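The values are calculated or read from the model by the stated rules, or taken from the named source; none is laboratory data. No experiment lies behind these values; they were computed from the predicted model shown. Every residue, glycine as well, gets a Cβ built from its backbone with ideal geometry; the counts of neighbours run over all protein chains shown. Side chains are part of the model used for accessible areas, which takes the heavy atoms of the whole protein and leaves out ligands, DNA and RNA. Shrake-Rupley method; radii C 1.70, N 1.55, O 1.52, S 1.80 Å.
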Amino acid sequence: MKKTFFVFLNSLLNSAKDLAPIVLVIGFFQLVVLQQNIPNFADIIIGTGFVLLGLTLFVYGLNLGLFPIGEALAFAFVKKGSLVWLLIFAFALGFGTTVAEPALIAVANEAANVAQLGGIIDNEAVDNYAQTLRYTVAISVGLSVLLGALRIIKGWALTYLIIGGYSLVIIATIFAPEFIIGIAYDAGGVTTSTITVPLVTALGVGLASSIRGRNPMTDGFGMIAIASLLPIVAVMIFGILW
């Protein structure tokens, strides 16, 4: 119990160090550059405390639960020896974590509202637009994680996949409607957020660690890069077909 407390306290101190630059930058520009008092100072202090505590618990939870379970599942599927089930799991993991991403939900809803204001869709299609956009991104991330797992198993070079992915992004950008391009590029960023990254990274490292001839450092990482490219292409195709 005492050891757990000291580990948590150390995590709290590390989170405080991580937040310090943000606090200093905001404080400097507010007090020195703008020369204005900080509004609602008490609320900001309380909110910062909640952010500090939440960040600490999140990082602590990643190390305690999500990273180990991701690696353990990867080991278990490799031991089972079924490529089909491993690929199904990889797709389901990518899809499930992306659907649950708060950032993606927010971006999809905002994109639907802006599309309605811009006359691209009518009022009745707002919810359908947001849901379709959200599931389009989730499916593309699922396919990305599946492709990343297959890359580790087969030993494919990450370089060629990244070059191919960016080539698809460039081609899709040429043909996509102008209104969807910004949303597509943002979608590629928000998909690799708080829920997706830890589990997908753990899966990649676990797979590379459990397959003979694979190096966790060189082969275990890179799945996030793939997962940020295919959603861009998928959303642009969504914009072309909508």
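Observations, loosely collected:
- Of the criteria (1) under 20 Å from the mean Cα position of the chain (by Cα); (2) hydrophobic (A, V, I, L, M, F, W, C); (3) within 30 Å of Phe58 (Cα to Cα), which one Ile211 fails: (1)
- Some residue of the stretch 68-88 being under 18 Å from Val235 (Cβ atoms) and under 18 Å from the mean Cα position of the chain (by Cα): no
- In the stretch 214-229, the residue that is most open to solvent (accessible area, probe 1.4 Å) out of those that are in a helix (DSSP H, G or I) and among the aliphatic types (A, V, I, L, M) is Met217.
- When we screen Ile232, Ile211, Ile174 for residues that are free of Cβ contacts under 8 Å to residues at least 60 places away in the same chain, open to solvent by 10 Å² or more (accessible area, probe 1.4 Å) and not aromatic (Phe, Trp, Tyr), the only hit is Ile174.
- Selection over the stretch 66-83 of residues that are open to solvent by 50 Å² or more (accessible area, probe 1.4 Å) and more than 15 Å from Leu147 (Cβ to Cβ) gives a count of 12.
- Checking every residue in the stretch 179-197 against the condition of being of a type in the set (A, V, I, L, M), farther than 22 Å from Ile105 by Cα and either in contact (Cβ under 8 Å) with a residue 12 or more places away in the chain or surrounded by 14 or more Cβ atoms within 10 Å (Cβ to Cβ) (or both) gives zero matches.
- Applying the condition of being open to solvent by 30 Å² or more (accessible area, probe 1.4 Å) and among the hydrophobic types (A, V, I, L, M, F, W, C) to the stretch 94-108 and asking which residue is nearest to Gln131 (Cα to Cα) yields Ile105.
- Members of the stretch 40-65 that are open to solvent by less than 80 Å² (accessible area, probe 1.4 Å) and either of a type in the set (Gly, Ala, Ser) or more than 18 Å from Thr194 (Cβ to Cβ) (or both): Ala42, Ile44, Gly47, Thr48, Gly49, Gly54, Gly61, Gly65
- Qualifying residue in the stretch 141-153 (condition: touching a Phe, Trp or Tyr at 6+ places or on another chain (Cβ under 6 Å), under 21 Å from Ala202 (Cβ atoms) and open to solvent by 40 Å² or more (accessible area, probe 1.4 Å)): yes
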